[in-house]
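Student: Here's a structure for you.
Readers should treat all values here as calculations from the given coordinates under stated rules, not as data from a laboratory. Keep in mind the model is a prediction, meaning the values are calculated, not measured. Positions of Cβ are generated from backbone atoms using ideal geometry, with glycine treated the same way; all protein chains shown enter the neighbour counts.
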Amino acid sequence: MRITNRIVTEKYLRSVNNISTELDRLNSQAVTERKFTKVSEDTPAAVKAFQIRKDLARVEGYQSSIKHAQSTLNNAESSIMKIQELLHDAREKIVQGLNGTQSGEEREIIATHLKELQKQTLQLLNSNAADIYYFGGNSVRQEPFSVSADGKLQYNCKDGDDFRRIALENIVTEDDPATSEDEAALYKELMNAGLFVDIGMGVRSDSASSAVAPDVDRNSVFTYTLPGLEITGAGTVTKEDGTKVSANIYDLLGAIADSFSASDYSYDKANELFGFLFGSDMKQLPNNLRVSNPNNTAYDTSDPDYDPTLDSSQTATFDQAKYSKLMEDYENSVGEHRPGSAQNVQFAITNIGTKTQFLEFISDTMDTRELNATEQQDNTEFEDPAKSIIYYQTQYVAYQAALSMGSQIIPMSIFNYMS
C-alpha cells in the first residue's frame, strides 16, 4: 500500500512540475511575445527563423549598396548637367564669334571665355566625393583627367596592375576603320570599366576574364560609375583637308578658342570645328548669318540668302529680331545633321537616368522582399499577445487545480503541523 501511494505521489509531483514548467514558458511567451527562446523548444521553426534572418540581412546589405550607388549617380548626374550648361554657354559664344559682325578684339574676348569654360569642364570631369572620382572608370582613387604639356586632355587608364596617362586623341574608337584588334580591345575595356556592387541579381562567375573583374559575370552585378570617355568622347575626326583633330569636348573647345584668337582667323576653319563639337554638317550657319564684312571678301552678296540688314558695313543696320529668328531656325535644323562630340554629354545623362530608374525598380523589389520576409518572421518567431495571455490563464487555472488536488493525494506528515 505504501509503494502504491509513493508511485501516485511521484506521478502527481511530476505532473505538477510539468504544468509549472509549461506555465513558465507561457508566461515568458506572453511577456516577450516570442513563440520560443531556445532552439530546443521548436527546432524546425528555429531553423526557418535563422534562414529568414539571413535573408533579411542580405536585403539590408543590398539596400545599403543601392543607396550608395544612387548617391554616386546623383552626384555624377549633377556634374554632367553642369557640363551641359557650360557647353550650352559655349555654343552661344561660338555662334556669336562666327557672326561676321565680330571684330578681332571681340573674338579674342570670346576665346578667353571659351578657355575659362574649358577649365571649368576639366574641374567637373574630375568631380569626386569621399575620395571617389565619379568618372574614373575603375580608377576612382586618382584624378581621371589631366592636361599634357601640349594642352591635350589625358585619361588615366588602367594597364594591368599599373596606370598610365593616354591622350584622348590617341585612344582609337571601335568605329575607326584603322582600328587594330588591340586598340579596339583597349577602347572596349575603358568604356566598360567601373566600380560595381551586388544588388541582389545573383553574382555569378564567368569562365572568361571580364572587363569588370576577373571571373565575375558582368550581367550579375551593377556598375555605378561612368567612364569619363563616355562623356568627353575620344579619338579623332578627319577634316575636309584630310588632317585630323581631337574628337573630345575639351580639346575641341580649346581648338575653337585658338581659332578665334588666331591672327589668320578663318571662318570656315572655326565653323568646321564647331561642327565637330556640336554636330550638323561642315557648313554650320546659313549664309545669311555669315554677314558680309571687309574681312570676309569671299562672301557672295548675290547669294539668295543674303540679307543686307545683317551686313556689318556702316551703311547697314543690324536687325536683332531678324537675327534671333534666324538663330531659332538654325537651332531647329541642327538635329537633322550628324551628331557632334557634345552629344556624348546628353547620352551620358540618359545613361545615368536609365541606371537610376533601374535602381529604383530594384529598391522597390527589395522593399517588397523585406516586407514578405518580415511577415514570415512574425509568423515563425512571434506569437499573438492576446492568444499567449489566454493560454497562460488557462494553464494557470490548471496549475491551481493541480495544487488543490495535492492535499488529497499526498499524505499529511508531521511537518504540516509545524509552525
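Student: Amide H to amide H under 5 Å from Thr236: which residues, 5+ apart in sequence or cross-chain, H placed 1.01 Å off N in plane?
Tutor: When sequence neighbours closer than 5 places are left aside, the close amide H contacts are Thr173, Ala247.
Student: Residue separation times 0.36 nm, minus the C-alpha to C-alpha distance between Asp198 and Asp42: what's the value? Could the numbers behind the result be given before it?
Tutor: Details: separation 156, 0.36 × 156 = 56.16 nm, distance 3.42 nm.
Answer, rounded to one decimal: 52.7 nm.
Student: What list of ³J(HN,Hα) values in whole Hz, one per residue of region 231-239 in order, does the Karplus curve 6.51 cos²θ - 1.76 cosθ + 1.60 (θ = phi - 60°) give from phi, with Gly and Pro shown as x?
Tutor: 8, 7, x, 8, x, 9, 10, 9, 7
Student: Looking at this model, which pairs from Lys115/Lys269; Lys67/Lys115; Lys188/Lys269; Lys152/Lys355 are more than 29 angstrom apart at the alpha-carbon? Kindly include the intermediate steps, with their values, before the conclusion.
Tutor: Details: Lys115/Lys269 18 Å; Lys67/Lys115 37 Å; Lys188/Lys269 32 Å; Lys152/Lys355 31 Å.
Table pairs above 29 Å Cα-Cα are Lys67/Lys115; Lys188/Lys269; Lys152/Lys355.
Student: Then there is this: With labels modelled as points extended 7 Å from the Cα through the Cβ direction, what inter-label distance (nm, one decimal) is found for Asn170 paired with Asp182?
Tutor: 1.3 nm
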